[in-house]
1. Of the conditions (1) over 24 Å from GLU60 (Cβ atoms); (2) over 15 Å from the mean Cα position of the chain (by Cα), GLY94 clears all except one; give me its number.
2. PRO273 passes all but one of (1) closer than 28 Å to GLY312 by Cβ; (2) outside any helix (DSSP H, G or I); (3) not assigned by TED's automatic domain parsing to the domain that holds LEU9; which number fails?
3. Hey, can you tell me all the residues within segment 197-256 that are charged (D, E, K, R), open to solvent by less than 40 Å² (accessible area, probe 1.4 Å) and within 16 Å of ligand 1 (Cβ to nearest atom)?
4. Which residues, counting only those in segment 141-161, are of a type in the set (S, T, N, Q) and part of a loop (DSSP other than H, G, I, E, B)?
5. Mind listing just one residue for me: the one in segment 1-32 that is free of Cβ contacts under 8 Å to residues at least 60 places away in the same chain and in a helix (DSSP H, G or I) and, of those, surrounded by the fewest Cβ atoms within 10 Å (Cβ to Cβ)?
6. Which is closer than 18 Å to GLY78 by Cα and surrounded by fewer than 24 Cβ atoms within 10 Å (Cβ to Cβ), of ALA300, ALA286?
7. Since VAL294 meets every condition but one in (1) within 15 Å of ligand 3 (Cβ to nearest atom); (2) touching a helix residue (DSSP H, G or I) at 6+ places or on another chain (Cβ under 7 Å), which condition does it not meet?
8. All but one of (1) out of contact with any strand residue (DSSP E or B) (no Cβ under 9 Å at 6 or more places or on another chain); (2) under 19 Å from PRO107 (Cα atoms) hold for GLN235, so report the exception by its number.
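The values are calculated or read from the model by the stated rules, or taken from the named source; none is laboratory data. Since the model is a prediction, treat every value here as computed from it, not as a measurement. We place every Cβ from the backbone using ideal geometry, glycine too, and count neighbours over all the protein chains shown. The accessibility values were calculated without ligands, DNA or RNA, using every heavy atom of the protein model including side chains. Shrake-Rupley method; radii C 1.70, N 1.55, O 1.52, S 1.80 Å.
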Amino acid sequence: MSQRKKIALIGGDGIGPEVTREARELLVLYRDAAGLPLDLWDLDLGADRYLRDKTTFPAEIAVAIQRECAAVLLGALGDPRVPGLEHARDILFGIRFGYDLYANIRPVRALADRLVPLKGRGAKDVDLVVFRENTEGSYVGIGGQFKRGTPDEVAINEDVNTRKGVERIIRAAFEHARAHGKRRVHMADKSNAMRHAHELWLRVFDSVGREYADIERAHVYVDALCLYLVQDPSQFEVIVTNNLFGDIVTDLGAALQGGLGMAASANVHASEPGRVAMFEPVHGSAPPLAGKDVANPFAALLTVGMMLAHLGWPDEERRIERAVSLALDEGKCTRDVGGTLGTREAAAWVRDVVARELRAD
Ligand code: NAD
Ligand code: IPM
Ligand code: MN
């Protein structure tokens, strides 16, 4: 098999294409200046394409990605012209569910003191990672509507939790903790109210956690987790939770690290890392910012770092992080994080730092 790594790029909607373009340029730099064996494959998918010809996520593309690609880089999906978001769900869930990428890994790391909005807290207090279950829970689409549009209407989305699904994400969190020298894993659920579905999480957390005697396991209800994250985020190292709670908690986490423009993520099949994986900033398509060159590209650049680490170049994740930190220190960043630059300029500044370092190596 070829040693080259093929990467599919889907810019998507709103600010997605703007930040993905900058992330793509960073990959091009790595390919051309550092000689990384990367092949880029640009895919025209998203709201524009859907509105043109009703294409969402064609089966032949899905199969080709799975066969040929090491990774997918996704911008964001969601466009007010497609109010039902059918294209967004087909593409995003087509990738997450279709490739069984059960671990949505979302680091919450502040790269500058001033980005932490909590009084008396700084970057040293915000360094945790959320393991969000990514293939089941309330996202599976099981349910329906009945008597829609009448006063008697019923709307149901089931919260589906399987032993296998819960166990593998909890195990992934403990494995990560062990590999990174972390002392504690928190599991967040709502087992006091959801006593069937979430009691399973409690039991599995206990039994899997016992296999990791060196790591402390702490249970926390998700509502209290939100409280504690704001009061003192420094007590958290690894948090594992379900699909819906992970979505919500990582937007809160993004606020602790300077906003959604700073939050990166990976979607992986943690026990078979050779499978295609997907990387995306945590943020959405931010329609009001689209086309104005104001979106923060750093989440997308940091996401490239996560991708390169996953593909076997862990030093590059740290290098990109250092370059972004420097940009923040020098004010070479967008307005949301205290700078004056546009999307293109801020990203180009970071790439220049990376390029200089690569030349010096
Ligand atoms: P959003 O993430 O687009 O925006 C939330 C807030 O964060 C807004 O104030 C926005 O201006 C700000 N923000 C987001 N990214 C930013 C960036 N890079 N730089 C500066 N500010 C940034 O969330 P939303 O408004 O709830 O959703 C908009 C659309 O995006 C919806 O259609 C939603 O479904 C979709 N969405 C998609 C994804 C994805 O594809 N992965 C993720 C989240 C939301
Ligand atoms: C995210 C997003 C998605 C999610 C939406 C767009 C379905 O909010 O990736 O955080 O809920 O997973
Ligand atoms: Mn979200």
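1. In the conditions (1) over 24 Å from GLU60 (Cβ atoms); (2) over 15 Å from the mean Cα position of the chain (by Cα), GLY94 misses (1) alone.
2. The number of the failed condition is (3).
3. Those that are charged (D, E, K, R), open to solvent by less than 40 Å² (accessible area, probe 1.4 Å) and within 16 Å of ligand 1 (Cβ to nearest atom): none in segment 197-256.
4. If the condition is that a residue be of a type in the set (S, T, N, Q) and part of a loop (DSSP other than H, G, I, E, B), then THR150, ASN161 are the ones that fit.
5. ASP32
6. Every option except ALA286 fails the conditions.
7. Only one criterion is unmet by VAL294, namely (1).
8. Exception for GLN235: condition (1).
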